[in-house]
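Below: one structure, written as structure tokens.
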Amino acid sequence: MKATYILFDLDGTLTDPMVGITKSVRHALRAYGIDPPGLEALCPFIGPPLKDSFMKYCGFPEARAEEAIGKYREYFAETGIFENQVYDGVEDMLRRLKAKGKTLLVATSKPEEFARRILEHFHLDRYFDYVCGASMDEKRVKKGDVIAYALETAGVRDVTGAVMVGDREHDVIGARENHMDCIGVLFGYGSREELEDAGAAVTAASVEELAELLLGQND
């Protein structure tokens, strides 16, 4: 797993966005007269594209799901975006990877503008050569498309030297669509079963285990 180019998912991989995302979803649902039983019930929204989640978990038709994204962003853009925390050990891992000359990218289905603000807020932007996310108009939101965009942005033509790191099946599937391996992390919001069924090359139970995979145990 000593890849030169390492693509990281953001939510559930670098940071734990549970509070901000679930409160933003709750804000959107309340606009439609829906009051969820608790924030934990909204955790499945963490990771996948929002439109897909509103359609899958709330039964919204496509037009309403697209409208609900706007309601979600009313809360998220000002408050929810920073109701977030960096997983312990992540910054040290990123520092070590950069010291080893790795090229680090973020590839997230979160709008790129929001991803940049989060990384800057937590002072993680200094470690990333490229930050690539979804477009605000949702035309580029599927993980495979985001990964393809990230690879193109970084000028990566030989993907044998690249690996994706993420916590949900969408990360694994998107990586496979781009002929890449994916390391599934178990400290986020996807289960071992979800990640392995999707075809993750290997899983990491902790940030420390992930660092060992990416750096080599003795580095």
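Remarks
- Of the residues examined, GLU112 is one that is among the acidic types (Asp, Glu) and touching a strand residue (DSSP E or B) at 6+ places or on another chain (Cβ under 6 Å).
- The residues of segment 125-153 that are open to solvent by 10 Å² or more (accessible area, probe 1.4 Å) and of a type in the set (Val, Ile, Thr), listed by number, are VAL131, VAL141, THR153.
- The residue that is farthest from GLU112 (Cα to Cα), among those in segment 13-41 that are hydrophobic (A, V, I, L, M, F, W, C) and buried (at least 22 other Cβ atoms within 10 Å of the Cβ), is ALA28.
- Test: residue in segment 39-47 that is touching a residue at least 40 places away in the same chain (Cβ under 8 Å) and either more than 19 Å from the chain's Cα centre (by Cα) or not in a helix (DSSP H, G or I) (or both): yes
- Top-ranked residue in segment 188-219 [being small (Gly, Ala, Ser), closer than 18 Å to ASP16 by Cβ and in a loop (DSSP other than H, G, I, E, B); ranked as nearest to the chain's Cα centre (by Cα)]: GLY188
- Test for VAL172: is it farther than 17 Å from LEU10 by Cα and open to solvent by less than 40 Å² (accessible area, probe 1.4 Å): no
- Among (1) open to solvent by 60 Å² or more (accessible area, probe 1.4 Å); (2) among the hydrophobic types (A, V, I, L, M, F, W, C); (3) assigned to a strand (DSSP E or B), the one test that VAL165 misses: (1)
- Single match in LEU97, LEU42 (criterion: at pLDDT 95 or above, among the hydrophobic types (A, V, I, L, M, F, W, C) and under 19 Å from LEU124 (Cα atoms)): LEU97
- Between PHE122, PHE82, the distinction of being open to solvent by less than 70 Å² (accessible area, probe 1.4 Å), aromatic (Phe, Trp, Tyr) and touching a residue at least 12 places away in the same chain (Cβ under 8 Å) belongs to PHE122 only.
- Test: ALA150 is under 12 Å from PHE8 (Cβ atoms) and outside any strand (DSSP E or B): yes
- Some residue of segment 105-119 being aromatic (Phe, Trp, Tyr), on the phi < 0 side of the Ramachandran plot and out of contact with any Gly (no Cβ under 9 Å at 6 or more places or on another chain): no
- Of residues in segment 101-115 being open to solvent by 10 Å² or more (accessible area, probe 1.4 Å) and in contact with an Asp or Glu (Cβ under 7 Å, 6 or more places away or on another chain), the one farthest from VAL207 (Cα to Cα): LYS110
- Restricted to segment 42-65, and to residues there that are over 19 Å from GLY190 (Cα atoms) and out of contact with any helix residue (DSSP H, G or I) (no Cβ under 6 Å at 6 or more places or on another chain), the residue that is surrounded by the most Cβ atoms within 10 Å (Cβ to Cβ) is CYS58.
The values are calculated or read from the model by the stated rules, or taken from the named source; none is laboratory data. Values in this document were obtained by computation on a predicted structure and should not be read as measured data. Cβ atoms come from the backbone with ideal geometry, glycine included; neighbour counts cover every protein chain shown. The protein model used for the area step is the full one, side chains on, heavy atoms only, and it has no ligands, DNA or RNA in it. Shrake-Rupley method; radii C 1.70, N 1.55, O 1.52, S 1.80 Å.
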